[in-house]
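Before any comments, here is the structure.
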Amino acid sequence: MIKKKISGLLAAVCLILSLTACGPKEEELVTKSAPAPLSTEAPLTGFLLDAKELFGESCIIVAKTIKLTDDITLPEDTALILDEDDAYTLDLNGRKLTASVTKSGGALFSCTEGMLTVIDSKGEGEISFTASADGAALMCKDSGTIVVNGIKIDVSAPEDSGASAIFVKSGGKMTVKDGTFTGDTSITIDNSQVDLTIEGGSYSGFVNLDDDEAGIEAFLAERKRAAVTTEGYIMVS
């Protein structure tokens, strides 16, 4: 009798254990990390990448505009060249950009293709440029276009070095809407046939490499612009 009861109890225990083993298993909680947000900004390439590498943390780039955020002194013989068929803007944003070029004929900013617009949205910015023979802060040539509006460029260079704030070579197109350009020479041109439009601004000197006797007055007169020399500066209006 006792053996039968024990056998019954064992059978019951086995039944309970088997039912427990066959029952539904508890689900393990799995924590999944949220996917990393996708970047909405395209990686910089070409001219914009070159500009970012040049200015570093002293600039921000929005769309196709490079805006300075701090005063910056660039390494000697730094050059930024636009040779893409596209349009970009460099905004001094009230900052001072200091640079120097020791190579003959060297330029800080050159445009051989596409269009570069140089502005100063805050009005207190300046390019302080030290140049050697035939150097320039801004140079356009081949099929490049530069538009300048409301900036200041001060050029320091040896006397008779031929250095200037702006150099327009054959094939290039330059439009100066306004600005102040100090130093021995503000504008140098290859010849009287270059595509140069001056709408306003203050200039310290003008050199036509094709004709040393042709001053800015004659150049502007052909283009129906007026120039008045006041205290050594050529005022164009």
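Taken together, the values in this text are just the output of simple stated rules run on the coordinates, not laboratory data. As the structure is a computational prediction, the values presented were derived from the model and not from experiment. Cβ atoms come from the backbone with ideal geometry, glycine included; neighbour counts cover every protein chain shown.
Sort 225, 95 so the one with the fewest other Cβ atoms within 10 Å of its own Cβ comes first.
Going from sparsest to densest Cβ surroundings: 225, 95.
What is the fewest-to-most order of 169, 103 by other Cβ atoms lying within 10 Å of their Cβ?
103, 169
Please rank 196, 108, 220, fewest neighbouring Cβ atoms within 10 Å first, as an exposure proxy.
Ranking 196, 108, 220 by Cβ neighbours within 10 Å, fewest first, gives 220, 196, 108.
Counting Lys +1, Arg +1, Asp -1, Glu -1, what net charge surrounds residue 127 among other residues with beta carbon under 9 Å of its beta carbon?
0
May I ask you to order 160-168, 143-151, 57-65 by the average number of other C-beta atoms within 10 Å around their residues, highest value first?
160-168, 143-151, 57-65
Starting from the Cα gyration tensor of the stretch 81-191, take the square roots of the eigenvalues, sort them a ≥ b ≥ c, and report rounded, prolate or oblate (rounded when a/c is under 1.5, otherwise prolate if a/b is larger than b/c, else oblate).
oblate
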